[in-house]
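Data block below; observations after.
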Amino acid sequence: MSDLTPSAARAAIIATAAGIAGIRSTFPRLPDAIPSSPAFVLGGLTATYAAGQSRQRVAMHFPLRLYVERTSTDDRAVEDAEAFIQPTAAAFSQGVTLSGTTTTQLLLTGWNGDNWVTVGSAEYLMVEFTLVLETSWSETMTA
């Protein structure tokens with residue numbers, strides 16, 4: 001069985017996101033207020049599981065949300081958010097090692113940057129990145 005657990009995956013994603021230059025804070029869930037921007041917040045997990053004759057496969061889907069506070073104009077917030085797209089893509093293109101197991105794939109499958117949201121009393125442009133973390137393992141099935 002794979003040693004890749006959702007909590008280990010979440011921890012690895014948070015650690016990777018926190019290491020992106022210019023990010024001021026990273027949270028495992030949305031706080032009541034974001035103390036400093038730009039910030040990443042990891043959303044809730046969805047997953048798919050495929051059982052085969054001898055291989056088991058799990059794909060975990062994580063929304064990683066970037067919040068950039070509107071400090072002056074919408075255009076400025078968009079420019080600030082867009083500056084993090086390439087570094088985020090690069091940070092998650094190298095794979096993640098968890099408990100000695102390298103995941104089969106860690107893919108940034110896309111993003112949507114057209115979301116204005118209010119958190120606490122501040123307004124933010126939210127860019128939602130979709131991360132898919134896949135792993136598989138061999139397992140002998142017995143009847």
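Structure notes:
- Inclusion of Thr26 among residues that are of a type in the set (S, T, N, Q) and either modelled with pLDDT of 90 or more or touching a helix residue (DSSP H, G or I) at 6+ places or on another chain (Cβ under 7 Å) (or both) is warranted.
- Top-ranked residue in segment 108-122 [being surrounded by 16 or more Cβ atoms within 10 Å (Cβ to Cβ) and either aromatic (Phe, Trp, Tyr) or over 17 Å from the mean Cα position of the chain (by Cα) (or both); ranked as modelled with the highest pLDDT]: Val119
One line per residue, one yes/no per condition, for (1) assigned to a strand (DSSP E or B); (2) closer than 19 Å to Asp80 by Cβ; (3) touching a residue at least 12 places away in the same chain (Cβ under 8 Å); (4) not charged (D, E, K, R):
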| site | (1), (2), (3), (4) |
| --- | --- |
| Pro31 | no, no, yes, yes |
| Tyr49 | yes, no, no, yes |
| Gln53 | no, no, yes, yes |
| Val58 | yes, no, yes, yes |
| Leu66 | yes, yes, yes, yes |
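- Considering segment 36-54, and only residues there that are of a type in the set (Gly, Ala, Ser) and surrounded by 15 or more Cβ atoms within 10 Å (Cβ to Cβ), the residue that is nearest to Ala91 (Cα to Cα) turns out to be Ala39.
- Look at (1) small (Gly, Ala, Ser); (2) under 22 Å from Gly110 (Cβ atoms); (3) loosely packed, with under 13 Cβ neighbours inside 10 Å and you find that Ala33 fails only one, number (2).
The values are calculated or read from the model by the stated rules, or taken from the named source; none is laboratory data. None of these values were measured; they are calculated from a predicted model. All Cβ positions, glycine included, derive from the backbone under ideal geometry; neighbour counts span all protein chains shown.
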